[in-house]
Amino acid sequence: MKTLRTKGRSPARSAHAALDRLIEEAIVDAYEPSEQVAGFGAMLDEHLAVPFKTAVLGVEVTVRRVDVTAEGQIMAVCARGRFQQPIPILDLPLPALLPSGAEWIAAYRRWARGK
């Protein structure tokens, strides 16, 4: 049985290449890891549509904003009612319907894992 070959890249390769382009854009002038995290923080601040809803431990929360801590972590500030809790964006479960700009979270996660 013959297998069909498709021209170009596989979808996974194309997705990785797109994330790699975002990573390069975020860290273009950043040399130290803390500067690179700050670059991702700026891109998330500019491109990620907040607020958006997601679930944390089975409870619906609203991601109000994204902050970079003094320790160099990017945190999603989640709220439910009058309570707020920062959660590392690396650990934040994303909703099925992704907010605009969620590709920047994916790029940051790829960068943080060392590609």
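Would you be able to tell me the number of residues in the stretch 17-32 that are in a loop (DSSP other than H, G, I, E, B) and either farther than 18 Å from I74 by Cα or among the aliphatic types (A, V, I, L, M) (or both)?
Within the stretch 17-32, the subset in a loop (DSSP other than H, G, I, E, B) is 28-32.
Checking which are either farther than 18 Å from I74 by Cα or among the aliphatic types (A, V, I, L, M) (or both) leaves us with 28-30.
Looking only at that region, the number is 3.
Quick check on this structure: which one of A26, A42 is within 23 Å of G114 (Cβ to Cβ), touching a helix residue (DSSP H, G or I) at 6+ places or on another chain (Cβ under 8 Å), buried (at least 17 other Cβ atoms within 10 Å of the Cβ) and aliphatic (A, V, I, L, M)?
Working: A42 fails: buried (at least 17 other Cβ atoms within 10 Å of the Cβ).
Criteria check complete, one pass: A26.
Here's the yes/no breakdown for (1) at pLDDT 95 or above; (2) more than 21 Å from R110 (Cα to Cα); (3) not in a helix (DSSP H, G or I):
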| residue | (1), (2), (3) |
| --- | --- |
| K2 | no, yes, yes |
| A15 | no, no, no |
| S34 | no, no, no |
| E46 | yes, no, no |
| E60 | yes, yes, yes |
| C78 | yes, yes, yes |
| I87 | yes, no, yes |
| L92 | yes, no, yes |
| L98 | yes, no, yes |
For the stretch 46-60, state whether one or more residues are surrounded by 17 or more Cβ atoms within 10 Å (Cβ to Cβ), in contact with a Cys (Cβ under 7 Å, 6 or more places away or on another chain) and free of Cβ contacts under 8 Å to residues at least 40 places away in the same chain.
no
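The values are calculated or read from the model by the stated rules, or taken from the named source; none is laboratory data. The model shown is predicted, which means the values in this text are computed figures rather than measured ones. Methodologically, a virtual Cβ is constructed for each residue, glycine included, from the backbone with ideal geometry; neighbour enumeration extends over all protein chains shown.
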